[in-house]
Amino acid sequence: MAYASPSVLGLQAAVSAGLAVTALSRSIIPDGLRPLTVREGFPALPRCLILLHRNPQENNPALDSLAAHIASAFGMWQEAEMCSLD
């Protein structure tokens with residue numbers, strides 16, 4: 001059986017009900033759930049890369065603050081050099 005949801009909350013509800021397992025970032029595993037391990041027979045999952053794309057010509061303090069908040073929520077913040085995709 002397979003289950004799909006347009007939201008993380010839907011996936012978490014299925015897992016909490018004991019109906020499924022899913023791949024979630026450790027930072028959003030809710031109380032009462034835990035990561036499954038290789039020792040339990042589950043495969044190790046690869047690392048993933050998340051990018052936040054912004055308009056390099058946009059100078060907006062509100063967007064700067066939002067971008068910093070999003071990056072902080074993922075536990076990493078690195079200033080990258082802006083590069084042209086010409």
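Taking each DSSP H run with n ≥ 4 as -39500 (n - 2.57) and averaging over every residue of the chain yields -7500 deg cm²/dmol at 222 nm.
In angstrom, the C-alpha Rg and Dmax of the chain are 17.5, 49. Projecting the Cα atoms of Ile28, Ser7, Gly18 onto the charge dipole of the chain, computed from C-beta unit charges around the Cα centre, puts Gly18 farthest toward the positive end. Relative to the dominant Cα principal axis of the chain, helix 61-73 is inclined by about 30°. Counted by neighbouring Cβ atoms within 10 Å, the residues Asp64, Asp31 run from fewest to most as Asp31, Asp64. The charge dipole of the chain, taken about the Cα centre with unit charges on the Cβ atoms of Lys, Arg (+1) and Asp, Glu (-1), comes to about 480 debye, rounded to the nearest 20.
Just so you know, all these numbers are worked out from the coordinates, no wet-lab data involved. What you see is a predicted model; the values in this text were computed from it and never measured. Every residue, glycine as well, gets a Cβ built from its backbone with ideal geometry; the counts of neighbours run over all protein chains shown.
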